[in-house]
Amino acid sequence: MLSDKVAIVTGASRGIGRLIAIALAGQGAKVVVSARNLEALQELTAEIKSQGGEATAVAGDVAIEDDANNLIKQAVATYGQVNILINNAGITRDGLLLRMKDVDWDAVLDTNLKGAFHCIRAVAKFMSKQRSGRIINISSVVGEMGNSGQANYCASKAGLLGLTKSVARELARRNVTVNAITPGFILTDMTDNMTDKARDAMTEQIPLGRLGDAEDVANAVLFLASDQSAYITGQVLGVNGGMYM
Ligand code: NAP
């Protein structure tokens, strides 16, 4: 149970982040949900509250330093502490290298990697003082394997792994653990535009024979956020049906 804990989830307006927020709230955590779409966040907090949980919405863009700082400040102001940060906000702007525009490179790196850096830097101050905390970064299997047409996205997700391990080393003495999850192909809006043919080809590559769902990722988050994972830091947990070992 996470009943005395306060958790922040970025990118919670839909997809994996939404499910992570619901799962954490289901374990009793007070959840601060963030993304750019305030209306979707308010629907989520209403849903969590209707199920007996506690949640607050803070709209913001993680790529903007002030928004990230404000998110952490609002969480502490509302609940007096922050124990768990899930860096889940992410975007894709796919394209082959030779045609990739700077603006698409920058947008992906700014959201997926710099956004996580902004949130970690802001929360580390509070967690260090508390001498406890859990930071979980949602990377991707393609950050480990690479993927044609996704140089920007894979670079951002591989960068998150380096960020995870470095910060894990820096914050370990403060009893703050930092880990990454690398989901495989998970059914959400992000993967929704795949053709049936592409989906079948993808499934062929997955030893467990199916694409993942957001709950598969949320279950891994619950473990890394819990007291059971106290001696685990700087690690990368693959949630990919075996597609990368
Ligand atoms: P999704 O359905 O597209 O949701 C992305 C979330 O991120 C939304 O809530 C979006 O909300 C938020 N977001 C995007 N840009 C943001 C920004 N600048 N500031 C704050 N929030 C922002 O994607 P998903 O499939 O759930 O993916 C969630 C995470 O898992 C991402 O980091 C993704 O890279 C990773 N992942 C996904 C898969 C997959 O197969 N789906 C596989 C591996 C890893 P707003 O638009 O309201 O801001």
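The values are calculated or read from the model by the stated rules, or taken from the named source; none is laboratory data. Since the model is a prediction, treat every value here as computed from it, not as a measurement. All Cβ positions, even for glycine, are placed from backbone atoms using ideal geometry, and neighbour counts span all protein chains on display. Heavy atoms of the whole protein, side chains included, go into the accessibility calculation; ligands, DNA and RNA do not. Shrake-Rupley method; radii C 1.70, N 1.55, O 1.52, S 1.80 Å.
Using a 1.4 Å probe over the heavy atoms of the protein chains, calculate the carbon and sulfur portion of the accessible area of the chain as a whole percent.
49
Between ARG169 and LEU208, take the C-beta separation as r, use R0 = 30 Å, and let me know the FRET efficiency to the nearest 0.05.
0.35
Which residue fluctuates the most in the chain, going by a Gaussian network model with Cα springs under 10 Å, if the choices are ASP106, ASP213, ASP192?
ASP192
What would the Debye equation give as log₁₀ I(q)/I(0) for the chain at q = 0.08, 0.10, 0.16 Å⁻¹, counting only Cα atoms as equal point scatterers?
Taking Cα atoms of the chain as identical point scatterers yields -0.27, -0.43, -1.15.
Tell me which residues come under 5 Å, amide H to amide H, from ALA55 once H is placed; ignore anything under 5 positions away on its chain.
VAL31
In nm, give the distance between the simple-model label positions of ASP66 and LYS125, each being 7 Å from the Cα along the Cα-to-Cβ direction.
Calculated label separation equals 1.6 nm.
Count neighbours as other Cβ atoms within 10 Å of each site's Cβ, and list the trypsin sites (Lys or Arg not before Pro) in segment 160-245 that are DSSP loop with at most 16 such neighbours.
Those that pass, being in a loop and sparsely packed, are ARG210.
What number comes out for accessible area per residue over segment 81-153 if the probe is 1.4 Å? Units Å², please.
45
No solvent, one uniform scatterer per C-alpha: report log10 I(q)/I(0) for segment 73-213 via the Debye equation at q = 0.12, 0.20, 0.21 1/Å, two decimals.
For the requested q values the scattering log ratios are -0.56, -1.16, -1.22.
How much length, in nm to one decimal, is gained on full extension between GLU215 and LYS73, taken as 0.36 nm per residue of separation minus their Cα-Cα distance?
Full extension from GLU215 to LYS73 adds 48.3 nm.
May I ask you to compute the full-extension gain from LYS197 to LYS101, defined as 0.36 nm times their residue separation minus their alpha-carbon distance, rounded to one decimal in nm?
31.8 nm
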